[in-house]
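Engineer: Structure below; questions to follow.
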Amino acid sequence: MGRADPEEGQLPAPVKPPDGGWGWIVLLGCFVITGFSYAFPKAVSVYFKELMKDFHVGYSDTAWISSIMLAMLYGTGPVCSIMVNQFGCRPVMLIGGLLASSGMILASFTTNIIELYLTAGVLTGLGMALNFQPSLIMLGTYFDKRRPLANGLAAAGSPVFLSSLSPLGQVLLEKFGWRGGFLIMGGLLLNCCTCGAVMRPLDMGMKRKMEKAQDKYEAKEMLPIGGKSEEGISTADGTKKAKKAKKKPKKGKKLLDFSIFSNRGFIIYTISKFILVLGLFVPPILLVNYAKDTGVPDTEAAFLLSIIGFIDIFARPACGMVAGLKWVRPHVAYLFSFAMLFNGLTDICSARASNYTGLVIFCVFFGISYGMVGALQFEVLMAIVGSQKFSSAIGLVLLIEAFAVLIGPPSAGRLVDALKNYEVIFYLAGSEVVLSALFLAVATYCCLNRGKKKEPPLEKNPSAGGGSDTEEAESDVQEAEEHSSDNHQPAHSTENAVVAANEEANHVAEEQSGEGGGCPEGDGEVLARDGCSTDQMVERDSF
C-alpha cells in the first residue's frame, strides 16, 4: 500500500501500532464484543420454548429472532463502515451498545412475536453490528507484529461467551422468567458501551509527537551552530506557515472505499469466503439432530456442541500464535487455506459416523479446524487490504457473507427434509469448504505470487510510499538529537559542522525534489514540501 498525504485528501497518515500498552485493554474490549456478537444470537435460544407457549407460535417462528440478529450482524456491514469512516470507532460503538441494550430491554415488554422481531431481532442485532466491526478495526490499529495473536485471542471470545451465556440464560429463565431474563440480558449488553469507551483513537497522540519531532528538527536545522534557539524557532515557524499557505484544500473523505475491488487479493478472498460460509455453519447446526437420529440420547447429543466449544477456546489463540511466527506470517493465506481444507475433510470423513465415539472424534477435529478458521479469517483480510482500508473491506465482506448465510443453512435444512439423509448434507458441506480452500490457495499462488515475481522492483521514492511516516518521524528525532549534541562541540569544529550541515541540506533538497518532479538545487536553500518554485523556498541563515 502506498503512502498518502492526509492533508491532500487521501488516506490518513499511518501511525505505528504500539503492539501493547493500551492495546491490551483494546484487546480485552474486542474479546467481550466478539463474544456477545457471535454467542448472543445462539444463547437466546434457551428462551424459545417459553416464547412458544406465551405467544402460541411454532419453533420456526421463534428461530427467526436469532436469524434476524445474524442477518443484521452481517448485512449492515457497509452501514457500519460508513459510520466508522464518518464518526470514528468510539462514538459508533457507544451508540451500538445503547441500541443493543435497549433492544433487549424493550423486548421484555413485548406482547407478540412481531414486536420481538423488531426489538430483540432488528434493534439488538444492529447494536451488536455497530460494536463488532469497529472493535476489529481498532484491534488492527493497535497491533501489527502481534496482530495474529491478538486476532486469535479476540476470536476466543465467541466460544467462551457461548459456554457461559447459555447456562446463565437457563438460570435466569428458571428464576425470573423470559421477561426478567431479557431485562437482565439487556443490562449485560451495556458492557458494550464500556468496551466502546476504552477504544481510544491512536492517531491523535502519535501525530502530535510526530509534529513536535518535525518542528524540533526544522528549528535545529535552521539554527547556526552556537546561535540562539529563538532565531531558529522563528525561522521554522515561518517555514511552517509558508507550507500551510501552499497546501491544497482537503478533499472529502470517502465514506465507503470501493477502490478495494481493484485489489486482486481482496477479490480472491471475498469469493473464497462466500463459498466457505455456504458450508461452514451447516455441520454444527445439524449435529445434534444427526446424533439423535443415530440413537444418541438427548443429553449426550447436546454435549457434542460443548466439546466443539471447549476445543475452540484453545484452538483460536494457539493458531494466532502460530500465524505470528516470522516464517509463517508471510504465508498466512496458505495457512488459512490449510485450516479450511482441514475443516472440509473433517466434514467429509465424519459423514458416515454411526456411533457416539465417532461423533466425539469428529467434534474434536472440527473444533480444532473451526477455531483455526475463526482465528485467521480477519487476519488474512487485514494482511491483504491493510489497516487503512480495513474498515471498508470488512463491511463489504460481511455484506457478501450475509447472502451466503441466508443460502447455506436453510438450503441444507430443506435437503434434510427432502432426502431424510444427513450423510449427503455433510458431504455437500465439506465439499464446499474444500472447494473454497483450494480456490484460495491456487488463486493466491497463480494470480498474486507469480505477478509479484514478474513485476520489476520499485524504486524507493518518498511519493511512492517507500517508508512509513512513523519511520520518518523517528529518524527526525534521531537527527534532531544529533544536532543538539553538535551544539556542545568546541568552537574549532565549527567549519566541519558547517560543511556537514550544507551536505545535509542538499540531501533534504534532493529527497524533496522527488515529490516535486525534479527541482533545481540551490546552495543554502531548503525546499518546501509541496512544490519547487522560488516563492516556496526559505532562505537559510548563512553561517
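Engineer: Taking residue 318, is it in contact (Cβ under 8 Å) with a residue 12 or more places away in the chain and over 21 Å from residue 424 (Cβ atoms)?
Structural biologist: Against the criterion (in contact (Cβ under 8 Å) with a residue 12 or more places away in the chain and over 21 Å from residue 424 (Cβ atoms)), residue 318 qualifies.
Engineer: Answer with yes or no whether residue 407 is in a helix (DSSP H, G or I), open to solvent by 30 Å² or more (accessible area, probe 1.4 Å) and modelled with pLDDT of 90 or more.
Structural biologist: Answer is no for this residue.
Engineer: Would you check which residues across the stretch 356-386 are over 16 Å from residue 270 (Cβ atoms), surrounded by 22 or more Cβ atoms within 10 Å (Cβ to Cβ) and of a type outside the set (A, V, I, L, M, F, W, C) and list them?
Structural biologist: Within the stretch 356-386, 367, 369, 370, 371, 374 qualify.
Engineer: Next question, about the same structure. Go through 304, 335, 325 for me and flag whichever is outside any helix (DSSP H, G or I), surrounded by fewer than 24 Cβ atoms within 10 Å (Cβ to Cβ) and of a type in the set (A, V, I, L, M, F, W, C).
Structural biologist: Every option except 325 fails the conditions.
Engineer: Taking the criterion of being open to solvent by less than 50 Å² (accessible area, probe 1.4 Å) and more than 21 Å from residue 109 (Cβ to Cβ), would at least one residue in the stretch 177-186 satisfy it?
Structural biologist: Looking through the stretch 177-186, none of the residues is open to solvent by less than 50 Å² (accessible area, probe 1.4 Å) and more than 21 Å from residue 109 (Cβ to Cβ).
Quick grid of which residues meet (1) surrounded by fewer than 19 Cβ atoms within 10 Å (Cβ to Cβ); (2) assigned by the TED database to the domain that holds residue 404; (3) at pLDDT 80 or above:
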| residue | (1), (2), (3) |
| --- | --- |
| 420 | yes, yes, no |
| 437 | no, yes, yes |
| 440 | no, yes, yes |
| 457 | yes, no, no |
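Engineer: Against the condition open to solvent by 60 Å² or more (accessible area, probe 1.4 Å), under 18 Å from residue 34 (Cβ atoms) and out of contact with any Ser or Thr (no Cβ under 6 Å at 6 or more places or on another chain), how does residue 118 come out, does it pass?
Structural biologist: no
Engineer: Out of all the residues in the stretch 41-50, which are over 16 Å from residue 305 (Cβ atoms) and crowded, with 22+ Cβ neighbours inside 10 Å?
Structural biologist: 47
Engineer: With 106, 123, 99, 116 as the choices, which residue is in a helix (DSSP H, G or I) and closer than 19 Å to residue 199 by Cα?
Structural biologist: Answer to the check: 99.
Engineer: Filter the stretch 14-64 for residues that are closer than 25 Å to residue 127 by Cα and outside any helix (DSSP H, G or I) and give the result.
Structural biologist: 22
Engineer: Specify which of the listed residues (389, 420, 326) is under 20 Å from residue 289 (Cβ atoms) and charged (D, E, K, R).
Structural biologist: None of the other options fit; the residue is 420.
Engineer: Restricting the search to the stretch 124-135, which residues are of a type in the set (A, V, I, L, M) and surrounded by 24 or more Cβ atoms within 10 Å (Cβ to Cβ)?
Structural biologist: Scanning the stretch 124-135 gives 128, 129, 130.
Engineer: Any residue that is assigned to a helix (DSSP H, G or I), out of contact with any Phe, Trp or Tyr (no Cβ under 7 Å at 6 or more places or on another chain) and not assigned by the TED database to the domain that holds residue 435 - is there at least one of those in the stretch 246-257?
Structural biologist: yes
Engineer: Something else about it: Return yes or no: is residue 109 among the aromatic types (Phe, Trp, Tyr) and surrounded by fewer than 24 Cβ atoms within 10 Å (Cβ to Cβ)?
Structural biologist: yes
The values are calculated or read from the model by the stated rules, or taken from the named source; none is laboratory data. Note that the structure is predicted; figures quoted are calculated from it, not measured. Counting neighbours? That spans all protein chains shown, and the Cβs are built from the backbone with ideal geometry, glycine included. Quick note on the areas: whole protein, heavy atoms, side chains included, nothing else; ligands and nucleic acids left out. Shrake-Rupley method; radii C 1.70, N 1.55, O 1.52, S 1.80 Å.
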